[in-house]
Structure formats: structure tokens, C-alpha cells
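Just so you know, all these numbers are worked out from the coordinates, no wet-lab data involved. The model shown is predicted, which means the values in this text are computed figures rather than measured ones. Because the Cβ atoms are built from the backbone with ideal geometry, glycine has one as well, and the counts that use them run over all protein chains shown.
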Amino acid sequence: MGHFLDEFVEHLYQEAKNKGLSKKEATEYIRKHFPTTAWLGRSARRWDGGYVIAGWIGTGWGFVIRDPLGIRPACYFASEEVVAVASEAAALQNVFQTTSAQVQELPPAHALIVSPTGQWSIERFTEPAPQSLSCSFERIYFSRGNNPAIYQERKALGALLAHEIARILDYDLEKVVFTYIPNTSQVAFWGMLQELERLLRERLLTSLEGKPLTREALQRIAQLRLRAETLIWKDTQSRTFISAPSARIEMSRHVYDVVSDSIRPHEDTLVCLDDSIVRGTTLRETLLRTLARLQPARLIIASSAPQLRYPDFYGIDMASLHDLVAFQAAIHLLQETGQEGVIHATYHRCREAYGTADFSRINFVQAIYAPFTEAQIAARIAQLVRSPELEIPLMIVYQPIRNLAQALPHHRGDWYFTGNYPTPGGYEQVNRAFMQFYEGKVQQRAYEKVSS
């Protein structure tokens, strides 16, 4: 950007000189005529990835630009006094006391330009992609739940997952207690409970069709309630998922506690909803040990997000493939079923494609997961995260990937779940990440160069 800024300024300076303007007059000429949008477009011509970049330049022009795919979020609020931009609409609504209708989304491939005199406009600085691929994981995990759209999306994730849970429990919920962790999964938790109650009521009414509506039947309908409790207490606002790796385990051991005497020991099944299971560290080191103290008959951990199988390179800190518990599970399954050849073959395909066009358009790592179903990988994850103290049956249930588009229809970015990256750089990085894993370079980031 600095390079092309110099070029544009030099061009305008020569124009000013040709017009016979003095140096002082040339400075004002450059300030007045600087083509901010054209400069941004020239700078971004070869960029790959997701971004929202804001800045001011010495001529007095300000800008905020959003990537062509809309991967990174950007919203703005403008009034006679202020132009403000944030990654979330809720932040602008709270700070400026505005309504949701007054906060707009900055379109992908567009720039919000502010002139030296305070005038602002929205202008396209590069070609937009055929469709927006806004980050879905941002909505599931990071975004503020008080945004009306995000609130409904998270409720929908819980409601869709309710069907999987009801099927697993065979609709027998009399001896089941539901809880959630962390606080960001609370909205999905209410959506799950409401849908479970609807499913049970529908099932009960179906069983009563054609039968006399007795007082006992009416009582069963009226008393239909699920047992939901806040069983896990998090004593800190720290986010273990985004903590530094060296501090994550130590932090997670001290942030959770349980509410005792809330379930019947050795009798009740405990279902705990989580918003995502990425590395499995919190489950393995803390959460399962904490829940084991409640002594349930069995434990089901449900994730409102699908299995996170691939790294993210567009802004969220999931750049290491080997850290993902789903990847670890797939590798273990390949080794245990005598399919280690898939691991070696995948590495050699990456090596052969390195430096060719295929390296930036094919995700060779998808072959690691191909031999197994989602259920098989989930079952192996349950074995990997199981702590020695847990002597009860453990099951992990994930949101089916097919539900994601239904719950988040306007946020189709799902590469960390599916491996379908939106740009060539994503494919390059995931293949590099696998090569680093295979070569034992697990401390490297995927975007660090791999020797040929």
C-alpha cells in the first residue's frame, strides 16, 4: 500500500508541476484530487484472504475496506457527527444508542471513504466474488449474542441439534438433565430445550390420537418439562480457546466448578451443550474431570458446531492442523484400521503438487477423513478426550454439517468444517499444514515457508 501510495502521489505531483503550481499549491492539489478508491484497488489487486483494513493517509483521506468474499465482518454507523465502524453491529448499537436499522453492513469488495472535509461514501474498490462467504465460526463462537440475528441463529443451531439428541436418547428424557458450558452456548441451549419439548409434546399427542382425553393424559401434557440446570460455574471471564497454548491448560484447570446435588448419582444421564469442540484440551484436562464429580449414569457432550477438521487462515487462530482433535481422531483411526498408507499417500501428493497449480486448488487433506463417517470420528474423539477419572460411558455428539446452512443462511464460510476453502491461499496453507505435521514441524505456523 505504501508503494502504490508513493506512485499515486508522485503522479499527482507531476500533474501539479505541469500546471505550473508551486510546492505549497501542489500539496493542496494532491489532497483534493487523491483517488483513494483507485489506490486501494491497485494495492489489493493480488491480495488473497479475508480482511477488514482501516487507515488514514497524510492527505487527510480515511478508509475502511472489506475483502471481496466478505469473510471478515464489518458494520458501520453514520450520523451528522460521526462515522464509526466495528466488526459487530451490537457494539455500534450499544455505544451510540442506535437501532439495528441504523447500522449497516459494509458490502464485500467495498470501501467506506471519508474525505478531508468529512464527507463519506461507500465505493467499490475491487471486483466482488460471485457469492459472500462470511465466516460462520465467527457467528457461532465469537460474536455477541445480543445481536438479534445472531441470537436467532444460535437458537436455530440448538434446535437443529435437538433432533440428534432426541434420537440418541430414544426420546426417553425422564432421567436426563441438561446443562451447558460456556456462557456463549446459552442461547443455543435454550433453542435446544424448546425444540426438545416440542418434539416430546408432538410425540405424546401422536400417542394419544384416537384415545379418550383423560385427566391423566391432560396432566402428562401439562407437566411436560425437561430438567435443565446450570451445573457448571466458570469463575473467570478468560477465554481458554483464545489463550496462548502454554497457558491454556493451566488456565482451564482453575476456571470451572460444579453445582453439587443437582442430579441423581448413577441414575441420571447428563447432557452438556458446548458451542464448539476445537482442540479438546478443555474437555480432557478440566471439564470431564469436573463433570465426573456429579457421578451421572452416563455423559453426553453435544457441540452446536460441526466437527472442526481443518485450520483457519483468515483471522481466527486455528492455524495448526495437528492441534485439532478431529484430525487427531482421524489419524488414530487410520493407524488402528491398518490404513496408514493414506497418511503417507497424502503427504506424497502434497509434495508432488508443491509449486504447481494443484497445490492451490486441491485440499489433499480431505483424504484423511474420507474412510470414516462423522459418527466414527466423534466416537474416537470421545476416547481421546476421556480423562482417567471418568469411569462412566461418554458420548460426543456434533452438529451435522448439513444443518449449518439452514441455521446460518447468510454466513456460508465453512472451510474449517468441510475443507472447501474460498481462496487459493487457503488450499496452499492446509496442504502446507499437513506437510509440517508429517515432517514433525508441529511448532510452525502453516504460513511459514516449508523447505522444498
List the residues of segment 304-342 whose backbone N lies under 13 Å from a point placed 7 Å from the Cα of Thr418 along the Cα-to-Cβ direction. none
Answer with one residue from Pro409, Leu231, Phe189: the one whose Cα lies farthest towards the positive end of the charge dipole of the chain, charges on Cβ with Lys, Arg +1 and Asp, Glu -1. Pro409
Provide the gained length on full extension for the span Arg361 to Met1, in nm with one decimal, where the gain is 0.36 nm per separating residue minus the Cα-Cα distance. 126.9 nm
Using 20 Å as the cut-off for backbone N distance, which residues of segment 40-56 belong to the label zone defined by a point 7 Å from the Cα of Leu21 along Cα→Cβ? 40
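Percent antiparallel among DSSP beta bridges with both residues in the chain, to the nearest 5?
Numbers: 24 of 43 bridges.
Percentage antiparallel, nearest 5: 55.
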Amide H contacts under 5 Å for Arg309, restricted to residues at least 5 apart in sequence or on another chain and with H modeled in the peptide plane, are Phe417
Give me the distance in nm between label points sitting 7 Å out from Cα along the Cα-to-Cβ direction at Arg144 and Ala101, one decimal. 2.1
Computed magnitude of the charge dipole of segment 47-117 (debye, nearest 20; Cβ of K, R +1, Cβ of D, E -1): 60
Taking amide H positions as placed 1.01 Å from N in the peptide plane, with prolines and chain starts having none, which residues 5 or more places from Glu88, or on another chain, fall under 5 Å of its amide H? Cys75
Apply the Karplus curve 6.51 cos²θ - 1.76 cosθ + 1.60, θ = phi - 60°, to the phi angles in segment 202-210 and return the couplings in whole Hz, x for Gly and Pro. 5, 5, 5, 5, 4, 5, 9, 4, x
Amide H partners (placed H, <5 Å) of Met318, local residues excluded: Asp312
So for the pair Gln152, Gln295, with labels modelled 7 Å out along Cα→Cβ, what separation do we get in nm? 4.6
Given charges of +1 on the Cβ of Lys and Arg and -1 on the Cβ of Asp and Glu, with all other atoms neutral, how large is the dipole of segment 2-124 about its Cα centre, in debye to the nearest 20? 360
Calculate, for Ser79 and His348, the FRET efficiency according to 1/(1 + (r/R0)^6) with r their C-beta to C-beta distance and R0 60 Å; round to the nearest 0.05. 0.55
What number, in nm² with one decimal, is the all-direction average of the projected area of the convex hull of the alpha-carbon atoms of the chain? 28.5
Out of Gln119, Gln93, Pro393, whose Cα points farthest toward the positive end of the dipole of the chain (charges: +1 Lys, Arg; -1 Asp, Glu; placed on Cβ)? Gln119
Leading residue at positive end of dipole, segment 2-124 (Cβ point charges), from Val103, Tyr51, Val83: Tyr51
So the FRET efficiency between Gln119 and Gln335, C-beta based with R0 = 56 Å and rounded to 0.05, is 0.35
Under the 7 Å Cα-to-Cβ spin-label approximation, Glu391 and Glu10 lie apart by a distance in nanometres of 7.7
Looking only at aspartates and glutamates whose Cα falls under 13 Å of Lys23's and that sit 8 or more positions away or on another chain, we get Glu10, Glu15
Please turn the phi angles of segment 93-107 into ³J(HN,Hα) values with the Karplus equation 6.51 cos²θ - 1.76 cosθ + 1.60 (θ = phi - 60°), one per residue in order, whole Hz, x for glycine and proline. 4, 6, 5, 9, 6, 10, 8, 5, 5, 7, 9, 10, 8, 6, x
When the Karplus curve 6.51 cos²θ - 1.76 cosθ + 1.60 is applied with θ = phi - 60°, which whole-Hz ³J(HN,Hα) does each residue of segment 431-442 get, with x for Gly and Pro? 5, 5, 4, 5, 4, 5, 4, 5, 8, x, 8, 6
Once each part is reduced to its C-alpha centroid, what is the distance from segment 1-22 to segment 375-415 in angstrom? 57
Let me spell out the model: positive unit charges on the Cβ of Lys and Arg, negative unit charges on the Cβ of Asp and Glu, origin at the Cα centre of the chain. What dipole size does that give, in debye rounded to 20? 220
